[in-house]
Amino acid sequence: MLSFLKKRVLIVGCGNELFGDDGFGPAVVREIERRGWSHPDAEVIDAGAGAPQNVFSLIDEDSRVEFIVVVDAVDVGEEPGTLLEFGPEDLDPEARIIPVDAHGWSVEAALLELHERVGVEFRIVGCQVKELPIPEIKPGMSEPVRRAVPRAADRAIELAESYLSRETS
């Protein structure tokens, strides 16, 4: 069993740094790692653009994962750099808040399926994008999104620690 499947809590950064503000999730993961935050029952993962396929699809009834904090770029028409938070109650399986999906399986759909099938709780910490240059390759986040990285790291850690302070189920 992969090590992250043995943890109760995952912080998963999603996105592709080659496409502007889509690199938000990986940047937040690097910030959390730079700070040295860790917990014996949590894992911080840079899932790139393949979170649904490479992380979420591996979680099942045999894994210990109970709670996932997903950090990703979102597009809901807010001011660029605005942090937003979503849970299962906020998502419509037909609509997308996360604008980039590399393999046809949206992050939202994967999380909702995990929630329904296995009971995994989750929160998405999203940052409103300014620009996504897709299909053009243009590394580097916009200034408002870059400035949101430390605040998103704070919130992801806060959510993880809050969940971890609960009794083991």
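The values are calculated or read from the model by the stated rules, or taken from the named source; none is laboratory data. All values derive from a computational prediction rather than experimental measurement. Cβ sites come from the backbone with ideal geometry, for glycine too, and all protein chains shown count toward neighbours.
At a glance:
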read-out: Only listed residue being free of Cβ contacts under 8 Å to residues at least 40 places away in the same chain and not in a loop (DSSP other than H, G, I, E, B), chosen from Glu43, Glu89; value: Glu89
read-out: Lone qualifier among Arg64, Arg123, Arg151 - being part of a helix (DSSP H, G or I), surrounded by 13 or more Cβ atoms within 10 Å (Cβ to Cβ), touching a residue at least 24 places away in the same chain (Cβ under 8 Å) and charged (D, E, K, R); value: Arg151
read-out: Subset of the stretch 131-156 (residues that are at pLDDT 95 or above and not hydrophobic (A, V, I, L, M, F, W, C)); value: Ser142, Glu143, Pro144, Arg146, Arg147, Pro150, Arg151, Asp154, Arg155
read-out: Flag if Gly20 is surrounded by 24 or more Cβ atoms within 10 Å (Cβ to Cβ) and in contact with a Phe, Trp or Tyr (Cβ under 8 Å, 6 or more places away or on another chain); value: no
read-out: Selection count where residues are out of contact with any helix residue (DSSP H, G or I) (no Cβ under 6 Å at 6 or more places or on another chain) and either of a type in the set (Val, Ile, Thr) or surrounded by fewer than 16 Cβ atoms within 10 Å (Cβ to Cβ) (or both), scope the stretch 67-84; value: 9
read-out: Among residues of the stretch 92-110, those that are within 16 Å of Val12 (Cβ to Cβ), in a loop (DSSP other than H, G, I, E, B) and either of a type in the set (A, V, I, L, M, F, W, C) or at pLDDT 90 or above (or both), counted; value: 5
read-out: Number of the condition not met by Glu78 [criteria: (1) of a type outside the set (Ser, Thr, Tyr); (2) more than 12 Å from Phe24 (Cβ to Cβ); (3) at pLDDT below 90]; value: (3)
